[in-house]
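The structure appears below as C-alpha cells.
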Amino acid sequence: MTHRNHKGESLTVIGIDLGATKLAGCLLDPRGGIACPTRVQLRSRQGAEIGELIVPQIARLLDSARVKRVRVGAVGICVPGIARTRAGRVWAPNIPGWEDYPLREEVCASLKDRDIRVVVASDREACILGEAWCGAARGCRDAIFLAVGTGIGAGILANGRVLRGAQDIAGAIGWLAFDRPVNPAYARCGNFEYYASGSGLATMATRLVSQTPSYRGRLKRKSGLTASDVFAACAGGDAVARRVLNDAIVYWGMACANLVSLFNPEKIVFGGGVFGPATQFLGEIKAEAMNWAQPIAIRGVSFEPSRLGNDAALLGAGRLAWQAVRR
C-alpha cells in the first residue's frame with residue numbers, strides 16, 4: 001500500500017522516539033513497516049543538546065527518504081513526559097533543561113520543506129497508538145497501555161480516541177494513591193510509582209535487605225540494586241525478591257482494577273522495561289485485579305504483553321505522523 005499526496009508523490013513519515021537513555025528514529029510506511037532505523041545513545045546530553053541531537057537524526061532520515069524517492073509528509077516525535085500538543089512544548093523530568101522546551105518550534109525551524117508537519121506527543125500516547133495500529137490492541141477501540149519502567153504511565157484509548165486531558169497529563173498514573181497517610185516521599189513520583197516501578201522495586205528490595213540482618217542472599221550489597229537484580233534473584237528462589245514482587249503484583253493488580261472500573265477497556269497491554277520479565281505474573285496480576293474491579297468489566301478484559309516491545313512508542317510516533325498527513 002502506497003500513500004500519495006495531491007501531486008501523486010509517494011509519501012512516507014518519520015517516527016522519532018526519545019527515551020530516557022536513547023533516541024530512536026525510522027521511516028514508516030502506511031502499514032507500519034519500518035525502514036532506515038537509527039539509534040543514538042543520549043549519554044550525558046541535556047537541555048538544548050538533546051534538541052541538537054534530534055535535528056540531525058531527522059535530517060539523515062530525510063536524506064534516506066530522498067534516496068528511496070519518497071517524500072516525507074510528517075514527523076512524529078514522542079517524549080518521556082508531558083507534551084503540550086497545541087504548543088509543541090515539552091516537559092521531561094529526566095532531561096535537565098526540558099521544563100518547557102520548544103521542541104516542535106526547533107524541529108520546524110530546521111526543515112527546509114515547510115509543508116512537512118511536525119507532531120509532538122507523550123510516549124504514553126504513542127505506545128497505545130502503536131499497539132492499536134500494529135500490536136496487541138489492534139482492532140480495539142477501548143484499550144490501555146500500562147508502561148512500567150523507571151516510571152509508570154498509561155496510554156488510554158477510549159472510543160477510538162487517545163485521552164490527553166485538559167493539560168495533556170492524562171495517564172500519569174504513577175500518582176495513583178493507594179496508601180494513607182500521605183508520605184512525603186511520594187511527592188517526587190507518586191504513591192504507585194514509588195513502590196511498583198522499576199526503580200521502586202529496587203528501592204523496596206534495598207529496604208527489605210537492610211531490615212533483615214539475617215539475610216545472606218544475592219541481593220545483599222550496599223547499593224546499586226536494580227529491578228533486573230530483583231527478577232534474577234526471584235528466579236533463583238530468593239525470598240526477599242519474591243516478597244518485593246508479591247507486593248508489586250498487588251499494586252499492579254489494584255491499579256488495573258481502577259483502570260478497568262474507570263474506562264471499561266477491552267484489553268490492558270503491558271509494556272516497558274519491567275514487562276519484560278514481569279510478564280510471567282500477568283495471571284497473578286489479573287487475579288488480584290478481580291478482587292477490586294467492577295466485576296462485569298474485569299471479566300470482559302484481557303491482560304496481554306506488548307507485541308511491539310521497544311518499538312511500541314516508535315510506531316506510535318509514526319502513527320501520529322500519518323494522522324497528521326491525512327488531516
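Helix by helix, which DSSP H runs in the chain go 27 Å or more along their axis at the Cα atoms and have an average Kyte-Doolittle hydropathy of -0.5 or more? Spell out each step's value before the answer.
Numbers: long enough: 48-67 (29 Å, 0.64); 239-263 (36 Å, 1.04).
Sorted by number, the helices that extend far enough and score high enough are 48-67, 239-263.
Rolling a 1.4 angstrom probe over the protein chains, ignoring ligands and nucleic acids, what is the accessible area of THR150 in square angstrom, nearest 10?
100
Pairs of alpha-carbon atoms within less than 8 angstrom and 6+ residues apart define the contacts here; what relative contact order does the stretch 1-140 have, in percent?
Working: 244 pairs, mean separation 30.9, N = 140.
Relative contact order comes out at 22 percent.
I'd like the antiparallel share, as a percent to the nearest 5, of DSSP beta bridges with both residues in the chain. Please report the intermediate quantities before stating the final value.
Numbers: 25 of 47 bridges.
The answer is about 55 percent antiparallel.
So what's the gap between the Cα centers of the stretch 201-279 and the stretch 42-117, to the nearest angstrom?
The stretch 201-279 and the stretch 42-117 have Cα centres spaced 34 Å from each other.
In terms of the ratio Rg/(2.2 N^0.38 Å) built on C-alpha atoms, what value belongs to the stretch 76-154?
Numbers: Rg = 14.2 Å, N = 79, 2.2 N^0.38 = 11.6 Å.
Output field value: 1.22.
Heavy atoms only, 1.4 Å probe, whole protein assembly: order ARG86, ARG45 by accessible area, highest first.
Details: ARG86 220, ARG45 90 Å².
The ordering from most to least exposed comes out as ARG86, ARG45.
Rounded, prolate or oblate, given the Cα gyration tensor of the stretch 247-327, with a/c below 1.5 counting as rounded? Could you put the intermediate results ahead of the total?
On the way: a/c = 3.06, a/b = 1.61, b/c = 1.90.
Oblate is the answer for the stretch 247-327, as a/c is 1.5 or above yet b/c matches or exceeds a/b.
Pairs of alpha-carbon atoms within less than 8 angstrom and 6+ residues apart define the contacts here; what relative contact order does the stretch 205-284 have, in percent? The partial results should precede the final answer.
Working: 36 pairs, mean separation 20.0, N = 80.
Averaging sequence separation for qualifying contacts and normalising by length gives 25 percent for the stretch 205-284.
With a cut-off of 8 Å between alpha carbons and a minimum separation of six or more residues, what is the relative contact order of the chain in percent?
On the way: 656 pairs, mean separation 67.0, N = 327.
The normalised contact order for the chain reaches 20 percent.
What figure in square angstrom, to the nearest 10, would you give for the accessible area of PHE178 with a 1.4 Å probe?
40
Where a Cα-Cα gap under 16 Å defines reach, which aspartates and glutamates qualify for LYS68, not counting those fewer than 8 residues away within the same chain?
Within the straight-line limit of under 16 Å, LYS68 reaches these aspartates and glutamates: GLU9, ASP29.
Please state, rounded to one decimal and in Å, the Kirkwood hydrodynamic radius that the chain gives when every pair of distinct Cα atoms enters the mean of 1/r. If you can, show how the numbers build up before the last one.
Working: mean 1/r = 0.0485 Å⁻¹.
About 20.6 Å for the chain.
Report TRP252's accessible area, 1.4 Å probe, all protein chains in place, as a number in Å² to the nearest 10.
Looks like 0 Å² after rounding.
The values are calculated or read from the model by the stated rules, or taken from the named source; none is laboratory data. These numbers were taken from a predicted model, which means no experiment stands behind them. Areas reflect the complete protein model, heavy atoms only, side chains present, ligands, DNA and RNA absent. Shrake-Rupley method; radii C 1.70, N 1.55, O 1.52, S 1.80 Å.
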